[in-house]
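Let me begin by presenting the structure, written as structure tokens, before commenting on it.
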Amino acid sequence: MELIREYFPKLTEKQMQQFTQLEELYTDWNSKINVISRKDIDNLYERHILHSLAIAKFIKFRTGSKIVDLGTGGGFPGIPLAILFPNVQFTLIDGTGKKITVVNAVAEAIGLDNAVGIQARAEELKMRFDFVVTRAVATLDKLRPWTQRLVHQKDVHPIPNGLIALKGGRINAEIAALGKGTYVETYPLSDYFKQDFFEEKYLVYVQA
């Protein structure tokens, strides 16, 4: 929890309590349903929660905006972001029902009323959002058409609506596969966080 407070020192008491509760909840759920790698559960705050919050270093979502977390797994990055932005509505989707069970149980346990998990595939959603966020879901060339269908055209942020993806490893080939004319910005997470884990990890923004 101190790791989160180091980079986000203005958390309210409620937010700090919610972040603190995540460790016990995910440890318990992970013993029943494997939503986090066994070797990573001991590094929950660094490798999952703080990693998810890198998106908040790139953009401050405005009150009333709507965000979809595509392929949320156990709730990342959606749940940490929903804690940080309580006045923003988050829809967390995944095709695996067991993972959505965990998402909704965790959200309910910490009193997170601005996040809802839905078992669905991207192509099944009828709703529209300001941004699509993802973490290690698919290559950018697959994510972009899903994003274009899911975001609406009215921009309410300084950054135009689009995709915000947390990626690792070599991303140049993925970006090149998007083709000319695609507007892309890339940010090393090591610019945000000093831990070794964030070396060679990136945030990629793709305008819809």
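The values are calculated or read from the model by the stated rules, or taken from the named source; none is laboratory data. Nothing here was measured: the structure is a model prediction, and the numbers come from that model. Please note: Cβ atoms are built from the backbone with ideal geometry, for glycine as well, and neighbour counts cover all protein chains shown.
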Quiz item: Would you pick out the residues in the stretch 55-72 that are of a type outside the set (Ser, Thr, Tyr) and either in a loop (DSSP other than H, G, I, E, B) or within 9 Å of the chain's Cα centre (by Cα) (or both)?
Solution: Ile55, Ile59, Lys60, Phe61, Arg62, Gly64, Val68, Asp69, Leu70, Gly71
Self-check item: Positions within the stretch 166-202 being surrounded by 14 or more Cβ atoms within 10 Å (Cβ to Cβ) and among the hydrophobic types (A, V, I, L, M, F, W, C), in sequence order
Solution: Leu166, Ile171, Ile175, Leu178, Val184, Leu189, Phe193, Phe197, Phe198
Quiz item: So which residues in the stretch 100-126 are part of a helix (DSSP H, G or I), within 16 Å of the chain's Cα centre (by Cα) and either among the aromatic types (Phe, Trp, Tyr) or at pLDDT 95 or above (or both)?
Solution: Ile100, Val102, Val103, Asn104, Val106, Ala107
Quiz prompt | Selection count where residues are part of a loop (DSSP other than H, G, I, E, B) and not aliphatic (A, V, I, L, M), scope the stretch 73-99 | solution = 10
Quiz prompt | Meets criteria (touching a residue at least 12 places away in the same chain (Cβ under 8 Å), out of contact with any helix residue (DSSP H, G or I) (no Cβ under 9 Å at 6 or more places or on another chain) and either of a type outside the set (Lys, Arg) or within 17 Å of Ala54 (Cβ to Cβ) (or both)) for Asp141 | solution = no
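Which ones in the stretch 77-90 are farther than 10 Å from Leu53 by Cβ and either buried (at least 24 other Cβ atoms within 10 Å of the Cβ) or of a type in the set (A, V, I, L, M) (or both)? So that I can check it myself, show each step before the final result.
The initial filter retains those residues of the stretch 77-90 that are farther than 10 Å from Leu53 by Cβ, namely 78-79, 82, 85-90.
Once the filter is applied, which keeps residues that are farther than 10 Å from Leu53 by Cβ and either buried (at least 24 other Cβ atoms within 10 Å of the Cβ) or of a type in the set (A, V, I, L, M) (or both), the stretch 77-90 yields Gly78, Ile79, Ala82, Val88, Phe90.
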Quiz prompt | Single match in Glu6, Glu46 (criterion: of a type in the set (Asp, Glu) and under 15 Å from the mean Cα position of the chain (by Cα)) | solution = Glu46
Exercise. From the list Ala109, Ala122, pick out the single residue that is small (Gly, Ala, Ser) and out of contact with any strand residue (DSSP E or B) (no Cβ under 9 Å at 6 or more places or on another chain).
Key: Ala109
Self-check item: Residues satisfying the stated conditions in the stretch 92-109, i.e. buried (at least 21 other Cβ atoms within 10 Å of the Cβ) and of a type outside the set (D, E, K, R)
Solution: Leu92, Ile93, Ile100, Val102, Val103, Val106, Ala107
Quiz item: How many residues are closer than 15 Å to Leu163 by Cα, surrounded by fewer than 24 Cβ atoms within 10 Å (Cβ to Cβ) and either small (Gly, Ala, Ser) or touching a helix residue (DSSP H, G or I) at 6+ places or on another chain (Cβ under 6 Å) (or both) if we restrict to the stretch 65-76?
Solution: 2
